[in-house]
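Chemist: Got a structure here, written out as structure tokens. Questions coming.
Since every read-out is calculated from the coordinates, none of them should be taken as a lab result. What you see is a predicted model, and the numbers here were worked out from it, not measured in a lab. In this analysis, Cβ positions are derived from the backbone assuming ideal geometry, glycine residues included, and neighbour counts consider all displayed protein chains.
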Amino acid sequence: MELLSLARVITMISSDSVASLPFESTASEKKFKALIVDIGLMRSLNNLPPDIEYTKNDLLSMYNGALSEQFAGQEFLSSGRDKLYYWTREAKSSSAEVDFILSKKNMIVPVEIKSGAAGKLRSMHLLLEKYPHIERGYVLSTAPYGELREQRLVFLPLYYAFQLAGDL
């Protein structure tokens with residue numbers, strides 16, 4: 001994996017279970033997920049048949065949202081971020097994961113990627129509850145802009161990923 005990372009074929013997204021800055025100080029080098037440099041390459045390496053794509057109405061929901069997460073990660077990297085992280089909480093009976101955590105001027109910005117317009121967001125709620133110093137979480141999906149201020153959530157269209165990371 002390290003060789004693929006050095007060749008920039010993949011980017012290793014490190015797990016962080018603490019949600020404190022700097023992420024580098026608490027991130028796990030052993031637990032990570034990989035972001036492939038290109039969505040088409042990801043599809044090909046996973047033997048995802050292209051003919052199925054023509055029959056789908058919503059291409060982002062295909063493959064359980066894997067394409068959506070790949071797209072957002074690529075946009076975050078394109079915005080100038082050189083390292084990406086995601087938040088995990090391991091527990092005996094349940095685990096939780098928020099797709100990305102970004103930083104902005106000493107603030108933590110959690111970002112959840114949803115392939116559709118709806119979702120439960122249990123992990124995001126858990127993160128925001130556990131770390132009240134985090135002002136708000138962002139959800140990128142096919143839904144239009146929206147806010148749930150009482151839940152500290154902002155909903156943005158998926159195509160806004162580049163701008164969100166650039167604003168931070």
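Chemist: Please check which bits of the stretch 113-154 a label hung off Lys105 would reach, taking the label as a point 7 Å along Cα-to-C-beta and the cut-off as backbone N under 13 Å.
Modeler: Output list for this probe position: empty.
Chemist: Which of the peptides 2-9, 70-77, 139-146 is most tightly packed, and how do the rest follow, judged by the mean count of other Cβ atoms within 10 Å per residue?
Modeler: Order by mean packing, descending: 70-77, 139-146, 2-9.
Chemist: Now for a separate question. Starting from the Cα of Glu24, step 7 Å along the direction of its Cβ; do the same at Glu147; then give the gap between the two resulting points in nm.
Modeler: Going by the 7 Å Cα→Cβ label model, 3.4 nm.
Chemist: What's the long-distance tail for the stretch 85-126, i.e. % of Cα pairs beyond 12 Å?
Modeler: Details: 544 of 861 pairs.
The proportion of pairs with Cα distances above 12 Å equals 63 percent.
Chemist: Kindly give Rg over Rh for the chain, based on alpha-carbon atoms, with the Kirkwood expression for the hydrodynamic radius.
Modeler: With Rg and the Kirkwood Rh in hand, the quotient comes to 0.95.
Chemist: Write down the percent of antiparallel bridges among all DSSP beta bridges whose residues are both part of the chain, to the nearest 5.
Modeler: 65 percent
Chemist: Per 0.36 nm of contour for each residue apart, how much would the distance between Glu97 and Leu3 grow if the chain were fully extended, relative to their Cα-Cα spacing?
Modeler: Working it through step by step, the gained length comes to 31.2 nm.
Chemist: Out of residues 5 or more away from Val139 or on other chains, whose amide H comes under 5 Å of its own, with H placed 1.01 Å from N in the peptide plane?
Modeler: Glu112, Val154, Phe155, Leu156
Chemist: Can you give the FRET efficiency to the nearest 0.05 for Leu45 and Arg136, using r as the Cβ-Cβ distance and R₀ = 30 Å?
Modeler: So, using R0 = 30 Å, E works out to roughly 0.30.
Chemist: Return the subset of Lys83/Lys120; Lys30/Lys105; Lys92/Lys130 for which the Cα-Cα distance in this structure is over 25 Å, preserving the input order.
Modeler: Lys83/Lys120; Lys30/Lys105
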